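The values are calculated or read from the model by the stated rules, or taken from the named source; none is laboratory data. The model shown is predicted, which means the values in this text are computed figures rather than measured ones. Ideal geometry is used to build each Cβ from the backbone, glycine not excepted, and the neighbour counts take in all protein chains shown. Heavy atoms of the whole protein, side chains included, go into the accessibility calculation; ligands, DNA and RNA do not. Shrake-Rupley method; radii C 1.70, N 1.55, O 1.52, S 1.80 Å.
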Amino acid sequence: MTTTSAETVIRPARAEAAAHGATVRRKQRFQHGGWFIAPFLVLFALFVIWPLLRGLYLSFTDANISGDGASFIGLDNYTEALDDPLVWESLGHSAYFTLLVVPCITVLAFLLAMLAHHIERGKWLWRLCFFMPFLLPSTVAANLWQWLFNPGTGMINHVFGIETPWLTDKSYAMLAIVITTLWWTVGFSFLLYLAALQGIPAHLYEAAELDGANAWHRMAHITLPMLRNITGLVIALQILASLQVFDQAVVMMDFLPGPEGSTRTFVQYTLEEGFTSYRVGYASAVSIIFFLIIAAVALARMRLLRNREEGVR
C-alpha cells in the first residue's frame, strides 16, 4: 500500500491542527477554572502567604507589639532563640507529647475501627460514639477533662480510688493532656481507618479462609499490608498536629505553663514572647524556626513515602 504525496502533506497538517485545538481547549478550561479557584487563591494569599512573609520580615527586626520604632537587627533574634534554653525546653515538651500521642492514637484508632467494622449489632451507634468527641471544640474537651482530673471534685480519682494530683504535679500534668488528646482526637484517625477497612476486597479474606488461614494470619497478611498507606497518613497527620499542640495544654492549665513549666509547648512559648513579653520580632523568629521544623518533618515524610513507592515498583 503506497502513500501519495498529498496524503503525506495532509497528515502532518491534521496532526498540527489537532494539537493546536487541544492547546486551545486546555487554555479555555484553565481560563474558566481560574475564576472558580480565584476566591481561594485570594484568601490563601491574604491569610497564609502574607502573614508568613510579614512574620519573616519582623523576625529580622526588634518590633514590639505596638508596631512602632522597629529597626532591622539582622540575625540577632535567631541567634538569641538558638541560645535560649526555654526554646529547647518547650520544643522538648512538644516532642515528648508527640512521642506519647502518635503511637497510642494510631493503635487505638486501628483497634476501634476493627471493632466498629466487624461488630454486627448497633454498628452505627458504635461509630457515632467513637467519632462524636472529635466534633467537640477544643475548649469544651479541655474543660471537661480538667474537671474530671480535678482531685477534689473530679471523677477520675474517685472512680479508680487514687489520689493523683494530675494537674498540679509535673510528673502527671503532660500525661493528663495526652489522655485528653487521645479521647478528643482519636475519632478522626478512627474514621480514616474505618474507610480503609471498608475498601479492602472481601474476596481476599474468603480466599485466605479457604486456604486455611486463621484470623491472625488474615490480619498479618491481608489487613495490615492493605492499611499500610493509611497508617502512614495517620502517623504523618498526627505528628504534624501533635507538634503544634496548644489549645488543650493552655486551657487545662488555666493559661499557665503548667507546674514548673512542664506543659509549656513551643506554640505557647511563642505566644508568651509575642503577647506577654511584647517581643513581636523575637516571637516571629521563634515561629519561623518552628515553621522550618514542621516543614522538615513534612518533607521527610514525603521523601520516605516516595522511596517506599519506588521500592515497591
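Somewhere in the stretch 190-197, is a residue open to solvent by less than 20 Å² (accessible area, probe 1.4 Å), within 18 Å of the chain's Cα centre (by Cα) and modelled with pLDDT under 95? Even if it seems obvious, please write down each step before you answer.
Here is the first cut: in the stretch 190-197, the ones open to solvent by less than 20 Å² (accessible area, probe 1.4 Å) are 190, 193-194, 197.
Filter once more, keeping what is within 18 Å of the chain's Cα centre (by Cα): 190, 193.
Okay, now just the ones that are also modelled with pLDDT under 95, so none.
Checked the stretch 190-197: no residue is open to solvent by less than 20 Å² (accessible area, probe 1.4 Å), within 18 Å of the chain's Cα centre (by Cα) and modelled with pLDDT under 95.
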> What pairs can you find where one residue is in the stretch 81-100 and open to solvent by less than 60 Å² (accessible area, probe 1.4 Å), the other is outside any helix (DSSP H, G or I) and of a type in the set (Lys, Arg), and their Cβ atoms are less than 8 Å apart, with a gap of 6+ or different chains?
Replying inline: Ser90/Arg264; His93/Arg264
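Filter the stretch 229-248 for residues that are under 19 Å from Ile294 (Cα atoms) and among the aliphatic types (A, V, I, L, M) and give the result. Spell out how you get there, then give the answer.
Step one: filter the stretch 229-248 for residues under 19 Å from Ile294 (Cα atoms), giving 232-247.
If the condition is that a residue be under 19 Å from Ile294 (Cα atoms) and among the aliphatic types (A, V, I, L, M), then Leu233, Val234, Ile235, Ala236, Leu237, Ile239, Leu240, Ala241, Leu243, Val245 are the ones that fit.
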>> So for the stretch 256-271 (the condition being under 27 Å from Leu108 (Cα atoms), of a type in the set (Lys, Arg), open to solvent by 30 Å² or more (accessible area, probe 1.4 Å) and not in a helix (DSSP H, G or I)), does at least one residue qualify?
In response: yes
> in a helix (DSSP H, G or I) and out of contact with any strand residue (DSSP E or B) (no Cβ under 7 Å at 6 or more places or on another chain): does that describe Leu240?
Replying inline: yes
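Yes or no: Tyr57 in a helix (DSSP H, G or I), hydroxyl-bearing (Ser, Thr, Tyr), open to solvent by 70 Å² or more (accessible area, probe 1.4 Å) and closer than 23 Å to Leu256 by Cα? Lay out the reasoning, then the answer.
Working: in a helix (DSSP H, G or I): yes; hydroxyl-bearing (Ser, Thr, Tyr): yes; open to solvent by 70 Å² or more (accessible area, probe 1.4 Å): yes; closer than 23 Å to Leu256 by Cα: no.
When the stated conditions are applied, Tyr57 does not pass them.
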>> Looking at the stretch 63-76, can you tell me whether even one residue there is in contact (Cβ under 8 Å) with a residue 40 or more places away in the chain, over 25 Å from the mean Cα position of the chain (by Cα) and not in a loop (DSSP other than H, G, I, E, B)?
In response: no
> Within the group Gly152, Gly187, which residue is part of a loop (DSSP other than H, G, I, E, B) and either in contact with a helix residue (DSSP H, G or I) (Cβ under 7 Å, 6 or more places away or on another chain) or within 27 Å of Gly258 (Cα to Cα) (or both)?
Replying inline: Gly152
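Looking at Gln248, Gln244, which one is open to solvent by 80 Å² or more (accessible area, probe 1.4 Å) and at pLDDT 90 or above?
Working: Gln248 fails: open to solvent by 80 Å² or more (accessible area, probe 1.4 Å).
Just a single option satisfies the conditions, and that option is Gln244.
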>> So the check is Cβ under 8 Å with 6+ separation or different chains; which pairs have a first residue in the stretch 138-156 that's under 22 Å from Phe246 (Cβ atoms) and a second one that's assigned to a helix (DSSP H, G or I) and charged (D, E, K, R)?
In response: Ser138/Asp247; Thr139/Asp247; Ala142/Asp247
> Which one of Ile73, Ile105, Ile65 is touching a helix residue (DSSP H, G or I) at 6+ places or on another chain (Cβ under 6 Å) and open to solvent by less than 50 Å² (accessible area, probe 1.4 Å)?
Replying inline: Ile105
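Going residue by residue through the stretch 84-94, is there one that turns out to be within 25 Å of Lys170 (Cα to Cα), in a helix (DSSP H, G or I) and among the charged types (D, E, K, R)?
To start, the set of residues in the stretch 84-94 that are within 25 Å of Lys170 (Cα to Cα) comprises 84-94.
In the following step, the residues that additionally are in a helix (DSSP H, G or I) were identified as 85-94.
Okay, now just the ones that are also among the charged types (D, E, K, R), so 89.
The answer is yes; a qualifying residue exists.
When you look at Glu120, is it free of Cβ contacts under 8 Å to residues at least 24 places away in the same chain, closer than 30 Å to His221 by Cβ and either in a helix (DSSP H, G or I) or among the β-branched types (Val, Ile, Thr) (or both), yes or no?
Working: free of Cβ contacts under 8 Å to residues at least 24 places away in the same chain: yes; closer than 30 Å to His221 by Cβ: yes; either in a helix (DSSP H, G or I) or among the β-branched types (Val, Ile, Thr) (or both): no.
No, not satisfied.
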>> Just to verify a result, which residue in the stretch 200-241, among those that are β-branched (Val, Ile, Thr) and either at pLDDT below 90 or under 28 Å from Thr263 (Cβ atoms) (or both), is surrounded by the most Cβ atoms within 10 Å (Cβ to Cβ)?
In response: Val234
